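S.K.: Here it is, the structure, as structure tokens.
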Amino acid sequence: MLDTARYLDRIGFAGDVRPALATLEALPRAQRSTVPFENLDVVRGVGVRTDTDWSVPKIVEAGRGGWCFENNGAFSALLDALGFQVGRLGAAVLLAGPNQIIDHLCLEVMLDRPYLVDVGFGDSVIRPLELNNREPQDGGSGTFQFFDSSQGLTLTSIEDG
């Protein structure tokens, strides 16, 4: 069972943990401020796993960071333990052009509507985004917009209009 107090201490969070939008905005910011993206195990050729039995101890007890599957995986376990309704979403990163390989994990959190939360992708959203909203949204680090494509829902960063 996840030790939520220890996890919250690891990310330096002492606020309200009730499932609400304000909490869902504050928790990812705390996680992203204290848990770095790191793929040292991948680079070193050490086997990695994607389950929370691996990622939670690595992040909480060892004080390390992780790659998207570890950061978002552990964070989903925290949200779930706090009473949030969380789903894991496989995604394809399109930075180098079209890609159909699921090489990223992000989270869908249901409150009054579904929100995208991502604590495992470097230069990305730091605020929850409404998944069903196709208008530009403030992601806390820039403006983002979802659009429907033949491959599924696509998130884009809007730069210079």
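S.K.: Once fully extended, how much extra length lies between Asp103 and Arg49, figured as 0.36 nm per residue of separation less the alpha-carbon to alpha-carbon distance?
M.R.: 18.1 nm
S.K.: Of the options Ala62, Gly90, Phe13, report the single residue whose Cα projects farthest towards the positive end of the charge dipole of the chain (beta-carbon charges: Lys, Arg +1; Asp, Glu -1).
M.R.: Of the listed residues, the answer is Ala62.
S.K.: Please give the charge dipole size of the chain, origin at the Cα centre, charges +1 on K and R Cβ atoms and -1 on D and E Cβ atoms. Round to the nearest 20 debye.
M.R.: Values: 13 positive and 22 negative charges, 66 e Å.
For this selection, approximately 320 debye.
S.K.: In addition: Two decimals is fine: what's Rg over Rh for the range 76-144, C-alpha atoms, Kirkwood radius as Rh?
M.R.: 0.97
S.K.: If you don't mind, there's one more thing I want to ask. Where does the chain land on the Kirkwood hydrodynamic radius, alpha-carbon pairs, in angstrom? Working shown, then result.
M.R.: Values: mean 1/r = 0.0618 Å⁻¹.
Every distinct Cα pair counted, the radius reaches 16.2 Å.
S.K.: What percent do you get for the relative contact order of the range 50-111 when only Cα pairs under 8 Å and 6+ apart count?
M.R.: 29 percent
S.K.: Oh, and also: Would you mind counting up the charge near Asp80? Only other residues with Cβ under 15 Å from its Cβ, with Lys and Arg at +1 and Asp and Glu at -1.
M.R.: Overall, the nearby charge balance is -2.
S.K.: What whole number of Å gives the distance from the Cα centroid of the range 104-160 to the Cα centroid of the range 1-70?
M.R.: Each part's Cα centre sits 20 Å from the other's.
S.K.: I would also like to ask the following. Over the chain, what percent of the accessible surface lies on carbon and sulfur atoms, probe 1.4 Å?
M.R.: 51 percent
S.K.: Kindly provide the helix-only [θ] at 222 nm of the chain, computed as the sum of -39,500 (n - 2.57) over DSSP H runs of four or more divided by all residues, to the nearest 500 deg cm²/dmol?
M.R.: -8000 deg cm²/dmol
S.K.: Still on this model: For the modelled label position 7 Å from the Cα of Asp80 along Cα-to-Cβ, which residues of the range 11-25 have backbone nitrogen atoms closer than 19 Å?
M.R.: From the range 11-25, the list is 18-20, 24.
S.K.: Right, next: Taking 0.36 nm per residue of separation and subtracting the Cα-Cα distance, what length does fully extending Ser149 through Leu2 add?
M.R.: Numbers: separation 147, 0.36 × 147 = 52.92 nm, distance 3.74 nm.
Using 0.36 nm per residue and subtracting the Cα-Cα distance, I get 49.2 nm.
The values are calculated or read from the model by the stated rules, or taken from the named source; none is laboratory data. Because the structure is predicted, anything quoted here is derived from the model rather than measured. Cβ sites come from the backbone with ideal geometry, for glycine too, and all protein chains shown count toward neighbours. SASA here: full protein model, heavy atoms, side chains in, ligands and nucleic acids out. Shrake-Rupley method; radii C 1.70, N 1.55, O 1.52, S 1.80 Å.
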